[in-house]
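Visitor: Below you'll find the structure I mean.
Readers should treat all values here as calculations from the given coordinates under stated rules, not as data from a laboratory. Given the structure is predicted, the values throughout are model-derived calculations rather than measurements. Counting neighbours? That spans all protein chains shown, and the Cβs are built from the backbone with ideal geometry, glycine included.
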Amino acid sequence: MAELRRAFRQTGMADRLVTRAGGYLLVAGPEDVDAARFDQLAAQGRALLAAGHAVGAAGCLQEALGLWRGPPLADAGDWDWARAEAAGLREAQLAAVECPPAGPAGLWAGG
């Protein structure tokens, strides 16, 4: 734990690791969590699409999908909460993939 604290201090983020009764708390905002950033970008893409801005929508959706690195929570173990959360994340990913114009027949396919 000392090495982790040192690493946070060296990067100017000492306030991100907080000691609490019974353990530690890693402080992270929505901009620090890929799933939250994905949700934000996907929602922005859908809003742009609804407003008729297909090119901007495709850019947001592509950026959102670019955050994915393999299956969600692949190394979280076989916990009930992880399975449920992973299923929701997969659904959100699929919705973004299928959202015109980001899908295969849309702008990222050159359409």
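Visitor: Counting Lys and Arg as +1 and Asp and Glu as -1, each charge on the Cβ, what is the dipole of segment 42-87 about the Cα centre in debye, to the nearest 20?
Guide: Working: 3 positive and 5 negative charges, 52 e Å.
So the dipole magnitude of segment 42-87 works out to roughly 240 debye.
Visitor: Also, quick follow-up: Semi-axes of the equivalent ellipsoid of the chain: what are they in whole Å, largest first, if each equals the square root of 5 times a C-alpha gyration tensor eigenvalue?
Guide: On the way: eigenvalues 235, 60, 26 Å².
Semi-axes (√(5λ), whole Å): 34, 17, 11.
Visitor: Place +1 on the Cβ of every Lys and Arg and -1 on the Cβ of every Asp and Glu in segment 33-109, take the dipole about the Cα centre, and give the residue among 65, 88, 51 whose Cα lies farthest towards its positive end.
Guide: Value computed over the given set: 51.
Visitor: Between helix 34-50 and the chain, what is the angle of the helix's C-alpha long axis to the longest principal axis, kept within 0 to 90° and rounded to the nearest 10?
Guide: The angle comes out near 20 degrees.
Visitor: Which residues' amide hydrogens lie under 5 Å from the amide hydrogen of residue 17, considering only partners 5 or more residues apart or on another chain, with H built in the peptide plane?
Guide: Residues meeting the amide H criterion: 27.
Visitor: If the elastic network links every pair of Cα atoms under 10 Å, which of 21, 43, 35 fluctuates the most in the Gaussian network model of the chain?
Guide: Of the options given, 21 has the highest mean-square fluctuation.
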